[in-house]
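This report concerns only the one structure given below.
The values are calculated or read from the model by the stated rules, or taken from the named source; none is laboratory data. Everything numeric here is computed off the predicted structure, so don't read it as measured data. Glycine gets a Cβ as well: all are built from the backbone with ideal geometry, and neighbour counts include every protein chain shown.
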Amino acid sequence: MIEEAKPVPHSADATSEPAWARRLLIGAALGFLLIFLALPLLAVFSEAFRRGAAAFAEALAEPDARAAMRLTLMVAAISVPLNCVFGVAAAWAITKFDFRGKGLLVTLIDLPFSVSPVVAGLIYILIFGANGWFGPFLRDHGIQIVFAVPGIVLATVFVTFPFVARELIPLMAEQGRDDEEAARSLGASGFSTFFRVTLPNIRWGLLYGVLLCNARAMGEFGAVSVVSGHIRGETNTLPLHVEILYNEYNFVAAFATASLLAGLALVTLVLKSVLEWRYDLRGQGH
Amino acid sequence: MGITVEGVSKSFGSFTALQPIELEARPGEFLALLGPSGSGKTTLLRIIAGLEQADTGRVLFDGEDVTGRPVTQRGVGFVFQHYALFKHMTVADNIAFGLTVRPRRLRPAKAEIERRVAELLELVQLKDLGRRYPAQLSGGQRQRVALARALAVEPRILLLDEPFGALDAKVRKELRRWLRELHDRMGLTSIFVTHDQEEALELADRVVVMDHGRIEQVAVPDAVYRAPASAFVFDFVGESNRLPVTVERGRARFGSALLDAGDAADGPGLLFFRPHDVEPALGGEGTLSATVTLARPRAGMTRVEAALDGLDAPLELDLPGEPPAVGERITVRPTRLQVFPDRR
């Protein structure tokens, strides 16, 4: 076991900078955070409440805003569980089995991170749009994907795919196969091995991935914007609704809606810190 | 329960982990698979357990072919090198796992499971620790929990992968003795993998020495030490001196020295003898002369390191009487030696 480093007297510490340099660096970092992160957040809330709480509540009670909220929640409620299952399956396959094309799968999982969300949206237009590959077939059968809810869900699933898998792959790789093999040697079926051994081993990492996945699913703008068609009350998610209101110079309503998303971000951050704290505690356990 | 391995081989890509292996463990036997890392001993153990599938050959338990049977159906207890305890379960839940995962109709009643767990906790001397978590136990305690968990399903065969590898020397010795007792008391057939020759020689009924995916020797511990079957075994088990020699009509030549080569074939050979199998001599045929570089008193004798012309490593010799001075020229006669053909 490595002993924890003992504090060394200042003069002997090769990495210690003079006091003024440290203050300058810390000051610069804090100033940067304040200007680029804290101030905009503050601005969102102050703009949202500029005309008072009543105007704020009114903006959110408006039918189109309600529809946007409902749609956003619904899209997240579909795409997060889907990616949860996909992510666990992909991480499981990559870390517990050896097969041909594993490297390709790992690369593919990262694709949504490396491609612009707009391109992701355009892919679906190309495939399912009126002039797309499946366009005629879909039209003949009366199925609408693009400019409708299914398209929004597809685009969101695509963009948020890596979050769960990325979180689980290193975790499951580190844990190895021993626990699963032990369970199997004790007679456990694949099903009970997964639910009684694997899942508990990855639960915090999984929750963490789900949390980030959810934040992105609710906040995604680019890909959704391309496939949504911006039909008010029907295919507008919260981020799209904010844009529309803003373009109409309806600032209070725009910021009120934006403050919901900002609030979601804050809650996500808090939960993320709590999870990281739990993660660490477990990390020290073995 | 007897275990028979027939012509089992295994490769991983281009790496040959096991050449076709023949091996038999008699019912009630405690067998050690001994070898350096990469010798294939763990692969062989995992194939017997069903955790790995052999490329060729068969595995039989009491004459019954189990080659196609998955690990879940083989009914073997397997103890992993790093224990593989379930971190989120208490010690008691870990031990009960093999019983609680059974299909409902085969699962013992809750009270029965609790009784079994209490019994096993007592058996592994962890009576009061059932409600702890693995992280709260010492290495030796974790190892015993892993054993209890494997024994809960009442296997007739116990397979252990480097069972003492991660423990400190003192705990290791205690656990070794205890494991041997447990094996005898429960009438198990056990195979364990180790790279520690002392462990293998002390614990096992028979030792299987492996190298490069081959079995070099299967013998009782004493025979492995006294009559190694190959140059590798002589080198790997116990301390030894190794001289490259040329064999000619029963004589092994090293430089100007001539030693008795027994019935070794003519050609290049490797001559081995143990440090304690020497006696001081005056010179002549059958002796070696070397210059002392180090002399350390040991219980009842002196360990001498001596440089022999034409050999990189110093000879290690255990000599009686007063320690010789460094730089002194000494002559010794190996009293027991073996010559193997040099395969390279």
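Here are the numbers for the structure shown:
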item: Evaluation of residue B:120 against (1) of a type outside the set (Phe, Trp, Tyr); (2) away from chain A (no Cβ under 12 Å); (3) surrounded by fewer than 20 Cβ atoms within 10 Å (Cβ to Cβ) (one fails), failing number; result: (3)
item: Selected residue (criterion: nearest to the other protein chains (Cβ to nearest Cβ)) from residues of segment B:125-171 that are closer than 12 Å to residue B:91 by Cα and among the hydrophobic types (A, V, I, L, M, F, W, C); result: B:135
item: Yes/no for residue B:71 being without any contact (Cβ under 8 Å) to a residue 40 or more places away in the chain and within 30 Å of residue B:197 (Cβ to Cβ); result: yes
item: Any hit, segment A:245-265, residues being surrounded by fewer than 19 Cβ atoms within 10 Å (Cβ to Cβ) and either acidic (Asp, Glu) or not assigned by the TED database to the domain that holds residue A:63 (or both); result: yes
item: Among the residues listed as B:51, B:60, the single one being without any contact (Cβ under 8 Å) to a residue 40 or more places away in the chain, over 26 Å from residue B:228 (Cα atoms) and of a type in the set (A, V, I, L, M); result: B:51
item: Strands (runs of 3 or more DSSP E) completely within segment B:1-49 that count 1 or more residues being in contact with a Pro (Cβ under 8 Å, 6 or more places away or on another chain); result: B:3-12
item: Count of segment B:258-273 residues which are of a type outside the set (Gly, Ala, Ser) and not in a strand (DSSP E or B); result: 2
item: When residues of segment B:35-93 are limited to those that are in contact with a helix residue (DSSP H, G or I) (Cβ under 8 Å, 6 or more places away or on another chain), crowded, with 17+ Cβ neighbours inside 10 Å and more than 14 Å from chain A (Cβ to nearest Cβ), the one farthest from residue A:175 (Cα to Cα); result: B:61
item: Which numbered condition residue B:262 misses (of (1) more than 16 Å from the chain's Cα centre (by Cα); (2) under 22 Å from residue B:310 (Cα atoms)); result: (2)
item: Residue list for segment B:287-310, filter: buried (at least 17 other Cβ atoms within 10 Å of the Cβ) and assigned to a loop (DSSP other than H, G, I, E, B); result: B:287, B:308
item: Scan of segment B:153-192 for residues that are aromatic (Phe, Trp, Tyr) and assigned to a strand (DSSP E or B), ordered by number; result: B:192
item: Search result, residues across segment B:236-257 that are surrounded by fewer than 17 Cβ atoms within 10 Å (Cβ to Cβ) and either within 18 Å of the chain's Cα centre (by Cα) or not in a strand (DSSP E or B) (or both); result: B:239, B:249, B:250, B:255, B:256
item: Residue match in segment A:76-86 (condition: touching a Ser or Thr at 6+ places or on another chain (Cβ under 7 Å) and either in the same structural domain as residue A:216 (by the TED database) or surrounded by fewer than 13 Cβ atoms within 10 Å (Cβ to Cβ) (or both)); result: yes
item: Residue check, residue B:169 farther than 21 Å from residue B:225 by Cα and touching a residue at least 24 places away in the same chain (Cβ under 8 Å); result: no
